Amino acid sequence: MLSEARARLANTQGKKAKRKAREKQLEEARRLAALQKRRELRMAGITLPPRRRKRHAIDYNKEIPFEKRPAPGLHDTSEEVYDPAETDFRRLRQQHLDGELRSEREERERRKDKQKLKQRKENDLPPSLLSAEPVRKRSKLVLPEPQISEQELEQVVKLGRASETAREAAQEAGHQASDTLLADYSLTPTTGPLRTPRAPALSRDTILQEAQNIMALTNVDTPLKGGLNTPLHETELGGPATPKKAGAAQTPNSLIVTPFRTPNAADGMTPRGARTPGSISSQQTSATPLRDKLNINPEDHLDFDSNQSAKHFQRESKQQLLKALSSLPSPKNDYEIVVPEDDPSVQEHSAPGPFVEDQADKDAAKEQQRLEKLEAERKLQSQPVQRCLPRPLDVNASVLRPAHTEPPLTDLQKAEELIKQEMLVMQHYDALHNPTEAQQSSRKGAGDEAAHLAYLERHPYHKYSQDELETACEVLQAEMDVVKKGMGHGELSLEAYCQVWDECLAQVLFLPAQNRYTRANLASKKDRIESLDKRLEVSL
């Protein structure tokens, strides 16, 4: 009854439910259409004014509902009481705020009803059906001990490997005598067919003959008459008239191939280790029977029943040895001497191979070559790059004089312009390929690189060899010696150099506002104050 009542209350297929669902769908379609319209107008550049909401409605895009702003000023929080429990944000979802739905509550009640019904059915069952104990307990599986131990298996494997290695070596050498002496242990030798022989085909209908014999014995006359006995047919179904087949094939036993090599076994008999389990000798573990065609097994472990058996074993061993020696081929004393021809390819292959260098030595040699290459490239760079001297952030091309000036330039001025032109090319090349940290941090993007590339395309950078640079250094040193000799002074001391450097630096002033250097006599009082402030900040 409860289930039927809940099913009636959960009816969502009525007319009213369908009407409500249709209205909800139409309202959602209307809202999406209006939203699409506003988006298309916004993309077209037409901005609609915001809709006017109701007077007491809340615009969630502009304000926070029920916001309580703190009053301005300082507040004492020592008397406030804090809730140490953390807020469970997982319980703040919409489904938790709205509460449990009626459909979910009804589904939970249905599950409870099913569980109660199931429990009631289980309680009404008899105790015999509720007991799940097995009638018969499973016993532990008890297996017999292995007849072959791990050591015996390893011994068999080693013997097989040794025999195979010896046979392969003999076959490669091509000696027929060695191949004759070695036995093949790869396959189990058999004295006859391993397949069980089939029963011989019957030439006559045995069942019919047996039926005729029974009928003849049933209709026999009284023995008082005398005479011969009733003739009977001989059949193959057994009985007193069945002859025994003396030459029937039997299944061969591979364990008794080598006589006297199976411990506790007589000649051609079943090994003693396979007796009835109740016997005493069956409790003793016997070794695995091995094939011993070459008599390589140790004889210490052999157990003979009597001295006669031991003598018989020795006599048989001697006969086998004599038979094997008699089967050896006669020795041949034919020799052929062939002088090998001189083959240069053989000599090349016979020569010792190249020395294999260690990987660590290879890596060290590669690293040394890389360092030498870097050092050679560094020597070809300009002196500011080699000595890590500061370089200007921007290349100043205004140092060049105009090409066509009046009066024309002298030879000395033309040489000076060539030096300035080479200096600008070197500055562009170094700024592009070997920039300083200041140049990298002050780059404006791809524009600086494009400007350097464009200048280098108009004025290509020429790379000089090491010999040309050394020659230039020698020429410059000779010119310096001439100047020193003409001016009559020797090497400049460090104190004099520092004094000249300080005097030249005092004539230059850095302007932080313009980010450039200028002469101190051309700067205003304001620029001097800013420059001194900047120098003080850097020094601190």
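Before we move on, is residue 478 at pLDDT 85 or above, of a type outside the set (Asp, Glu), over 22 Å from residue 396 (Cα atoms) and surrounded by 11 or more Cβ atoms within 10 Å (Cβ to Cβ)?
no
Could you check how many residues of the range 465-482 are within 17 Å of residue 375 (Cα to Cα), of a type in the set (S, T, N, Q) and out of contact with any helix residue (DSSP H, G or I) (no Cβ under 7 Å at 6 or more places or on another chain)?
Number satisfying all stated conditions: 1.
Based on this model, can you work out whether residue 410 counts as of a type outside the set (Gly, Ala, Ser) and at pLDDT 85 or above?
It is true that residue 410 is of a type outside the set (Gly, Ala, Ser) and at pLDDT 85 or above.
Return the residue satisfying two criteria in turn: it lies in the range 118-153 and is surrounded by 10 or more Cβ atoms within 10 Å (Cβ to Cβ) and among the hydrophobic types (A, V, I, L, M, F, W, C), and of such residues it is modelled with the lowest pLDDT.
Out of the qualifying residues, it is 148.
Within the set of pairs 6 or more residues apart or between chains, which connect a residue that is more than 19 Å from residue 61 (Cα to Cα) inside the range 29-51 to a residue that is of a type outside the set (Ser, Thr, Tyr) and outside any helix (DSSP H, G or I) with Cβ atoms less than 8 Å apart?
Correct list of pairs: 41/48.
In this structure, does residue 509 turn out to be more than 60 Å from the chain's Cα centre (by Cα), assigned to a strand (DSSP E or B) and under 20 Å from residue 438 (Cβ atoms)?
Answer is yes for this residue.
Are any of the residues in the range 194-211 surrounded by 11 or more Cβ atoms within 10 Å (Cβ to Cβ), at pLDDT below 75, out of contact with any His (no Cβ under 6 Å at 6 or more places or on another chain) and of a type in the set (Ser, Thr, Tyr)?
Scanning the range 194-211 turns up no residue that is surrounded by 11 or more Cβ atoms within 10 Å (Cβ to Cβ), at pLDDT below 75, out of contact with any His (no Cβ under 6 Å at 6 or more places or on another chain) and of a type in the set (Ser, Thr, Tyr).
Quick check: is even one residue across the range 409-422 within 51 Å of the chain's Cα centre (by Cα) and among the polar types (S, T, N, Q)?
Looking for residues that are within 51 Å of the chain's Cα centre (by Cα) and among the polar types (S, T, N, Q), one finds none in the range 409-422, hence no.
Anything in the range 1-42 that is surrounded by 10 or more Cβ atoms within 10 Å (Cβ to Cβ), closer than 30 Å to residue 117 by Cα and either basic (Lys, Arg) or at pLDDT 95 or above (or both)? List them, or say none.
6
Which condition number does residue 85 fail, the rest of (1) assigned to a loop (DSSP other than H, G, I, E, B); (2) surrounded by 10 or more Cβ atoms within 10 Å (Cβ to Cβ) being met?
(2)
List pairs: first in the range 384-406 and in contact (Cβ under 8 Å) with a residue 24 or more places away in the chain and closer than 15 Å to residue 516 by Cα, second assigned to a loop (DSSP other than H, G, I, E, B) and of a type in the set (Val, Ile, Thr), Cβ under 6 Å, 6+ apart or cross-chain?
Hits for this filter: 391/436.
The values are calculated or read from the model by the stated rules, or taken from the named source; none is laboratory data. Everything numeric in this text was worked out from a predicted model, so none of it was measured. When we count neighbours, we look across all protein chains shown, and the Cβ atoms used for this are built from the backbone with ideal geometry, even at glycine.
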